[in-house]
Amino acid sequence: MNTIAAMTRRIIPAVATRGRIIAMLLIGAAGIAIGVVLRRADATTTDMTEFAALFGLTIFVPLVALVISTASLGSLVEDKTLVYFWLRPLGRWQISTASLLAGLAVLLPLILVPMGILGIVTGDTDALQGILAGSLVGLVAYTSVFTMLGLFTQRALAWGLLYVLLWEGLVAGFSRSAGWLAIRTYTDGALSRVGGSAGSIVDPPQGATILIVTGAIVVTSFVVTTWRLNTMTVD
Amino acid sequence: MGVGRAGSGSDPGKPSWVSQDWSGTVVLVNTATTERTSSPSAVISAVAVSKSWGSHQVFSDVTADVLPGVTGLLGSNGAGKTTLLGMLLALHAPDSGTLSVLGADPATAGPELRMHIGYAPEHHNLPNDVAAQDLVRHIALVHGLPKREATTRSSDALWLVGLGEERARPVGTMSTGQRQRVKLAQAIAHGPKLILLDEPTDGLDPVQRDDMLALIRRIGTDFGIHVLLSSHLLEEVERIADNVVILSNGTVRASGRIDDLRTGQGGMTAILDSGVELVAASLQRSGYEVAVERNKVSVGTTEPLEQLADALRDAIAENGAPLRRMEPVKQTLEDLFLDEVYGS
Amino acid sequence: MTNVPPPPPIPSQVPPPPAPHASPTSSAYVAQPAPPAPPLPRQRADNEVLAVTNLSKWFGDVVAVSDISFGLGPGVTALLGPNGAGKSTTLRMIAGLAAPSQGTVEVFGADPRKDKDVRGRIGIVPQQESLFQEQRAIEFVALAGVLNGLMDPTGRAREVLEIVELDPADTRPISSYSKGMRQRVKVAQALIHKPELLLLDEPLTGLDPRQRLHMTQLIRSLGEAGVCVVVSSHVLDEVERLGSRVMVIAQGRLAAQGDFHEIRALMDDRPHRIRVRSSNARTLGGVLLTGSGIAGLTVVDGESLIVDTDDAATFRGTIAAVAQAADVRLLEVQPLDDDLESVFKYLVGR
Amino acid sequence: MSNTSAEIFDRGYRAYEGPRTGIGTAMRSVGVSTVQRALGLRRKFRFKIVPLLTVAVAYLPAIGFLAVAILLPADLAGQVVPEYAGYFGLINILMVLLAAFVVPEVMGSDRKTGMFGLYLASPLTRWHYLISKFVAIIMVMSLVTMLPVIFQMVGYSFLEIGPDGFVEILKTLGRIIASGFILSIFFGLFGMAASTFTDRQLFASAAIVILIVASEAFTSTLVDQANAPDWIRIFGLLTMPANLIARVFGETGVDAVRIEGLSDLGSLGVWVGFCAVFVGLITVGYRRLEVTK
C-alpha cells in the first residue's frame, strides 16, 4: 500500500532529527569505548557480556527507542500536523503501521550497529548473538510501546524515563512477579537463551515465551494506538 | 512634548536631551532644540540605509522620514517591516547609511534610546503565571523608572488600556484581547517618546479590534506618544494613522501624510437601488461621461465637483432613483498600496 | 447563488415604539418576545452537502457550542463570531476533527469521524501554520494526493500549486516560506482531491493585501464552481467582498444566518444611521425633520448631518428630491451601519 | 465667587519626564525577578517544591551534627567535629537538583514567555541580562552552598568545639564562603550553558542529570576497573569541584575527595577551565538568539 509507504517516508525525517541521532550515537560510542577499555584491561568474557547487558539492554536500547519512538506520533501531535494524515480516506490502522515501520526503520541501524560492535568487542560469538537477540527483542517491544505512549501524552519522554528507570530498573529487579511485566526480563532472557548463560536474570523465560510475549506486546500496542487514533480529538 | 530639566553639559555628538553618565541619572529635555539633517519634525529618519541578511537584501538605499503622530508601516510579507523595527531598537545595525530615532543614532546611543521607546512584539506569549501588574511594573523598572514611579505608572497604564480590575490577575488567565492590552500597557507605562507596535490587532475579533484601534489612536494623540504601527490590515491603518510608510522589496515606495499621498482623481460615484440607466442617460445628456457597473454610477470630471454634485443630485431626483450611497471618488489606502507596490 | 431556501423568517413582531435615538452600543439585539411559534422542522434541500442538527460541545462544564442546527449546500458561507464564541470548535466538528458532545454532523449523509470514504470528499485548511518543515511544497501536496488515492498525485499537485500561484519546481523547503506562501501551500493540499466540502479556518490572517485579494477571489470562484465552502474569519471587510451568506455565532449559539443585508433589514428595532454631507446641513436637517420616518438627527458641523431613520427605503427614495427642493448641494451620502461589521456588532451585543 | 470651586482633574496619561535610573537598577530588577522565579515565590505551588526541598535538605546535616553535639557529653562531642569538606559532599548532590531543575526554569522561561525579547528592547543588552541572571542564580545557590555550613560552624563555636579564636573562625568562614562560591559558580554556569541550547526545559534538565551521572559513572569505572590514571576523574562533574574544596580546606580525611597527581593550583586551573568553557557556550548561544529578524 503506497499510502503506508508514503506516510512512513514522511515520519522518518520528523523522527530522526540530527540532534537526536548525534546524541544517541554519542551514548553508543561511549558504551563501546568502555567496552574497549575493559577489553584492554583483559576483563573476562562473562564480565564483558554482563557489561554489555547492563549498558545495552538496560540503558542504551530503551533510551534510544524512547527518544525516537515517542516522537513518531508524538511529534505529529505536538506540531499539529497529524491532521494531514488523519483526515484522509484511509483506515487509521495505516497510520499506526506507518509510525511503527518508521520507528523500526530508524532504530534497527541506530541500535543494532553499536550493539553489534559492542558484541564483537566482547570477543565471544555466542555473546555477540545473545546481545543482538536481546537488542532485537528490546527494540521491537519498546518501539511499539513508546510509539503508543507518544500518542497519549505530551510528556511521553518523562513517563518513558520513569518507566525505564523506576519500573524496569528497580521494581522488576527485585520482585519475580513484577518481572514478568517488564520488557527487560525478556530482553535479558533472549540474551541468556541465545548467548549462553551470560544473562543477569537467574532463570530466564523460555525462548517461546519471549517470542509470544513480545508478539503480544506489539499487537496490543498496535490495537490501542489505532483505537486511540480513531477516538482522539485532532488539532 | 513634555519638557524636563535642561541637560547638563553633554557630549556634543549626542543630542542635548541625553546626558550619558551611566551611573548618574539620564535626563530628558525637549527634543525640538537639537539640530538634524532631515525635516526638523521627523520622529525617525533614515538616510540611504541598506541592510541584508546573508544573501537576502532586505533594504537597499532607503531614505524616508517618519512624521509625528500615528504612522502605519505597510509592506507585503517579507518586505522587512520586522527588521526595520529591530534596527530602530538598535538590535541590529544597518550595513550602510544612517538612521536617526528621536534625534539620536541607534548605533551609538542604543541603550539610552531604548529607554525612551516602548515595544509591543507580534507574538502573544507572555509569562503566564506573572500578574499583569507585576509584569508591567517590572518592564517599567527595567526602562529606568524609579521604584515608586514604576508602581504608580504601571497601575495607571493598565487602567488606561481598560484592564483596571484584572490588573492583579496572572496573564495566563487572560483572553487574547486582554493580553494584547497588557502588551500595550507595558509599552506605554514607562513614558516612552515613541512606541513600536507589531501587528497589535492580530488575533482580535472585530469588537476587540475596534477598542484596540481607538486606544492606539488616543495614545498617538492625547498621550502625546508617537506610534509606529506595523500592520497588514489597511482598513485599520487608514482609520487611525496620520502618516504611512510603504515598503516593498527593499525600497520605500511612499512615505508621508496619507492625505498628501492620495491622488485625488476628480469625479463622484453613486450607488442606486434602481433606475441606474435612467440616471446615467440623463447625465450623459448634460455632457458627462458616465460608467455604469451593476448598480453603481461613476462620473468623471476635471472641473471642480460643485457642478457635478448638483447635476448628479438632479439626475437622481428627476428619475426618482433610490440613493443608497454617494461619495466623491477617493483613493483608498488599499488602492494607494496596491498602486505603489504592484503598480496594478 | 445559494438555492437552499433560507429558514422561515422570524415571525415579524409588532415594531416596538422607536427607541429614543438608540445608539448602537446601548442594547443587544435581543429577539423581541415573539408569540411561541411551533418549531418548524428544518426543510432539507435536495443538494444539501452538510447537515448539522442540535450540535453541542462542552469542555468540562464550559459550554463552547450549544444546540446549533443548520444545513449548507454549494456556495460560500462565512462563519463569523467573537473570539471564544465557539466558531472554530464548530468548524472542527464539521470536519470531524473533534467529536460533538451532543447532536450530529452529517457530510453527504455520513459522519466524517467514522466514514472513511466521506473524508475523501472533505478538504481542510487548518489555522495552525505548522507543516512538514523540511519538505518541498510539491512533496507535501503530492503526499496529500497519495493519501487521497489519486492516480497521478505529483501531476495533480503541480496543477493545484499553479492554481495558488506557487512554483511547483521550487526546491526550497517549506520552512523557508513566508506566512502567505505557507497559507497557499495549505490551500493547495486541501484542493488536490477536488473536495466537495472545503473548510478554511482563518485563511486570511497574516496575508498582505495582495495575497488577501487573491485568496478571496480563489474562495469566491470555488463557491461559484459548486463547492460548499465554509470560511471562518475575522477580516470582515474581505468577507463582505466575498459576497457570501454569513452565519454568526455568539456565546456558542447561532445568532443569525443568511445575506447580511437581509439580516440588517430584519433588525427593525435598530434605526438606519446615515451620514449626509451637504452645502448647508442645518437647512437640509430642518427640511428632513418635517418628513416622516426620521427617528433622530445630529448636526455634526456646518456640512455634516447624522440621520437615524426607521424607514430607510423612503429616505433613500426622497433624499435627492428633498435636497433639490431645498436647493442644497449633496456632497456625500454614507450609510454608517449597514456594513457587515455593524451587523456583526449589533448581533454580538456591542 | 462661589465659595466652593469645583474642579475636574485630568486623569489622563502623565508622561514621565523625571530622571531615570541607570542600567544598574534595571539589572537589579531582572535579578530580583529571577530569584523570585527560582524560589517559586508568587507562583503556583508546584514551582516551590524543588527549591524549598533542596534548601531544607541542605540544613539537615547541620542540624543533625548540632543535635548530636548537644546531646553527647562535652568530651565525647569533641570527636564529632565535622569535616567541612564532607558536608560539601552532600551539598554537591543537592547542586545537581538545583542546576538541573531551577536553572533551566529560570533561563528557559524568559525565552519561552517572550520576556527575552522585551529585555532586548529595553536599555539592557543581552550581556547585561546574562550577568544579572548569573548573579541571581549564584545568590539562590549560596542559600544551599554557604548558609547551612556557616550555620553549623556558628553552632559549633557556641559549643566551643568549633574553631576557636577570632583568626581561626575568620579563616574557616573564609574557606566556607570560597567553597560555596566554587560550587555555586560551577553549577550555575553549567546549568546556564545546558539551558542555552534547548528551549524545552525537560531536555535541559535531562541533559544535565545524564551528563553528571554519566561523567561520574564513566570516570569511576575507567579509574577503578580499567586502572586508568587518577586524573581522569577531573572529568567527573561532581568529583572535580569536591576535589577543589578538599584542597581549600586542606583536609586529608578519609572521605575527603582528592584527585591524586593534581596540585592545588592544578585543581583550581581545571575548575577555571570548566567555567571558561561554560561561559564560552553561553556566549555563543546567546549571541545567535535573534528576536527581531
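The values are calculated or read from the model by the stated rules, or taken from the named source; none is laboratory data. Since this is a predicted model, take the numbers as computed values, not measurements. A quick note on method: Cβ atoms are made from the backbone with ideal geometry, for glycine too, and the neighbour counts reach across all protein chains shown. Only protein heavy atoms, including side chains, enter the accessible area calculation; ligands, DNA and RNA are left aside. Shrake-Rupley method; radii C 1.70, N 1.55, O 1.52, S 1.80 Å.
Looking at A:Leu100, A:Leu149, A:Leu166, just one residue is out of contact with any helix residue (DSSP H, G or I) (no Cβ under 8 Å at 6 or more places or on another chain) and either over 14 Å from A:Val64 (Cβ atoms) or within 14 Å of chain C (Cβ to nearest Cβ) (or both), and that residue is A:Leu166. Do we have A:Ala53 as under 16 Å from A:Leu151 (Cβ atoms), touching a Gly at 6+ places or on another chain (Cβ under 7 Å) and open to solvent by less than 30 Å² (accessible area, probe 1.4 Å) here? Taking the combined requirement at face value, the residue does not satisfy it.
Regarding C:Glu159, is this residue among the acidic types (Asp, Glu), assigned to a helix (DSSP H, G or I) and under 19 Å from C:Gly81 (Cβ atoms)?
Answer is no for this residue.
With the condition kept exactly as written, say whether any residue in the range B:144-151 is out of contact with any His (no Cβ under 8 Å at 6 or more places or on another chain), among the acidic types (Asp, Glu) and more than 13 Å from B:Ala189 (Cβ to Cβ). No, the range B:144-151 has no match at all.
Among the residues in the range A:78-89, are any farther than 25 Å from A:Leu149 by Cα, surrounded by 20 or more Cβ atoms within 10 Å (Cβ to Cβ) and of a type in the set (Ser, Thr, Tyr)? Checking the range A:78-89: not a single residue is farther than 25 Å from A:Leu149 by Cα, surrounded by 20 or more Cβ atoms within 10 Å (Cβ to Cβ) and of a type in the set (Ser, Thr, Tyr).
Could we say that C:Val287 is open to solvent by 50 Å² or more (accessible area, probe 1.4 Å) and within 14 Å of chain B (Cβ to nearest Cβ) here? Answer is yes for this residue.
Any residue that is in contact (Cβ under 8 Å) with a residue 60 or more places away in the chain, part of a strand (DSSP E or B) and not aliphatic (A, V, I, L, M) - is there at least one of those in the range C:109-124? Taking every residue of the range C:109-124 in turn, at least one turns out to be in contact (Cβ under 8 Å) with a residue 60 or more places away in the chain, part of a strand (DSSP E or B) and not aliphatic (A, V, I, L, M). Restricted to strands (runs of 3 or more DSSP E) entirely inside the range C:265-350, those with at least 3 residues that are under 20 Å from B:Asp273 (Cβ atoms) are C:272-278, C:304-309, C:330-335. Residues in the range B:16-71 that are in a loop (DSSP other than H, G, I, E, B) and at pLDDT 50 or above: B:Ser39, B:Pro40, B:Ser41, B:Ala42, B:Val43, B:Gly54, B:Ser55, B:Leu67, B:Pro68, B:Gly69. Step by step: first the residues of the range B:46-89, then only those that are among the charged types (D, E, K, R) and either closer than 12 Å to B:Ile246 by Cα or away from chain D (no Cβ under 14 Å) (or both), then the one that is most open to solvent (accessible area, probe 1.4 Å). Which residue is that? Looking at the filtered set, the residue picked out is B:Asp61. When we screen C:Thr205, C:Thr171 for residues that are among the polar types (S, T, N, Q), under 29 Å from C:Val343 (Cα atoms) and part of a loop (DSSP other than H, G, I, E, B), the only hit is C:Thr205.
Filtering the range A:31-46 to residues that are open to solvent by 50 Å² or more (accessible area, probe 1.4 Å), assigned to a helix (DSSP H, G or I) and more than 9 Å from chain D (Cβ to nearest Cβ) leaves A:Val36, A:Arg39, A:Thr45, A:Thr46.
Restricting D:Leu222, D:Leu202 to those that are open to solvent by 10 Å² or more (accessible area, probe 1.4 Å) and within 25 Å of D:Lys133 (Cα to Cα) reduces the list to D:Leu202.
Just wondering, is there one or more residues in the range B:92-111 that are closer than 28 Å to B:Ala157 by Cα, among the acidic types (Asp, Glu) and either open to solvent by 10 Å² or more (accessible area, probe 1.4 Å) or touching a Ser or Thr at 6+ places or on another chain (Cβ under 9 Å) (or both)? No: zero hits. Just give me the residues in the range C:319-337 being of a type outside the set (Gly, Ala, Ser), out of contact with any Ser or Thr (no Cβ under 7 Å at 6 or more places or on another chain) and surrounded by 20 or more Cβ atoms within 10 Å (Cβ to Cβ), in sequence order. C:Ile319, C:Val333 - these are the residues of the range C:319-337 that are of a type outside the set (Gly, Ala, Ser), out of contact with any Ser or Thr (no Cβ under 7 Å at 6 or more places or on another chain) and surrounded by 20 or more Cβ atoms within 10 Å (Cβ to Cβ).
For the range D:114-137, the set of residues classified as among the β-branched types (Val, Ile, Thr), surrounded by fewer than 19 Cβ atoms within 10 Å (Cβ to Cβ) and assigned to a helix (DSSP H, G or I) consists of D:Ile131, D:Val135, listed by residue number. Filtered by the rule that a residue be open to solvent by less than 10 Å² (accessible area, probe 1.4 Å), closer than 26 Å to D:Met27 by Cβ and touching a helix residue (DSSP H, G or I) at 6+ places or on another chain (Cβ under 8 Å), the range B:145-185 gives B:Leu145, B:Ala150, B:Ser154, B:Ala157, B:Leu158, B:Val171, B:Val182, B:Leu184, B:Ala185.
Taken over the range D:28-46, the criterion of being open to solvent by less than 40 Å² (accessible area, probe 1.4 Å), in a helix (DSSP H, G or I) and either at the interface with chain B (Cβ under 10 Å from one of its Cβ atoms) or within 28 Å of B:Arg114 (Cβ to Cβ) (or both) is satisfied by D:Ser29, D:Val30, D:Gly31, D:Ser33, D:Thr34, D:Val35, D:Arg37, D:Ala38.
Remark: C:Gly206 falls outside the filter, which requires a residue to be over 25 Å from B:Ala79 (Cβ atoms) and either in contact with a strand residue (DSSP E or B) (Cβ under 9 Å, 6 or more places away or on another chain) or within 14 Å of another protein chain (Cβ to nearest Cβ) (or both). In the range A:21-30, is there at least one residue being buried (at least 20 other Cβ atoms within 10 Å of the Cβ), more than 10 Å from every other protein chain (Cβ to nearest Cβ) and in contact with a helix residue (DSSP H, G or I) (Cβ under 9 Å, 6 or more places away or on another chain)? Yes: the range A:21-30 contains one or more residues that are buried (at least 20 other Cβ atoms within 10 Å of the Cβ), more than 10 Å from every other protein chain (Cβ to nearest Cβ) and in contact with a helix residue (DSSP H, G or I) (Cβ under 9 Å, 6 or more places away or on another chain). Among the residues of the range A:101-112, not a single one is without any contact (Cβ under 8 Å) to a residue 40 or more places away in the chain, part of a helix (DSSP H, G or I) and among the β-branched types (Val, Ile, Thr). For the range B:304-330, taking the residues that are facing chain C (nearest Cβ under 8 Å), open to solvent by 50 Å² or more (accessible area, probe 1.4 Å) and in a helix (DSSP H, G or I), the one that is modelled with the highest pLDDT is identified as B:Glu306. For C:Val187, state whether it is within 30 Å of B:Asp202 (Cα to Cα), within 23 Å of the chain's Cα centre (by Cα) and surrounded by 20 or more Cβ atoms within 10 Å (Cβ to Cβ). It is true that C:Val187 is within 30 Å of B:Asp202 (Cα to Cα), within 23 Å of the chain's Cα centre (by Cα) and surrounded by 20 or more Cβ atoms within 10 Å (Cβ to Cβ). Against the test of being touching a helix residue (DSSP H, G or I) at 6+ places or on another chain (Cβ under 6 Å) and modelled with pLDDT under 95, the options C:Pro36, C:Pro82, C:Pro41, C:Pro74 yield a single qualifying residue, C:Pro82. Do the conditions hold for C:Gln211, that is, is it open to solvent by less than 40 Å² (accessible area, probe 1.4 Å), part of a helix (DSSP H, G or I) and not basic (Lys, Arg)? Yes; evaluated as a whole, the condition is true for this residue. So is B:Thr82 in a strand (DSSP E or B) and among the hydroxyl-bearing types (Ser, Thr, Tyr) or not? Against the criterion (in a strand (DSSP E or B) and among the hydroxyl-bearing types (Ser, Thr, Tyr)), B:Thr82 does not qualify.
Go through (1) within 11 Å of another protein chain (Cβ to nearest Cβ); (2) under 18 Å from C:Leu97 (Cβ atoms) for C:Gln183 and report which single condition fails. The single condition C:Gln183 does not satisfy is (2).
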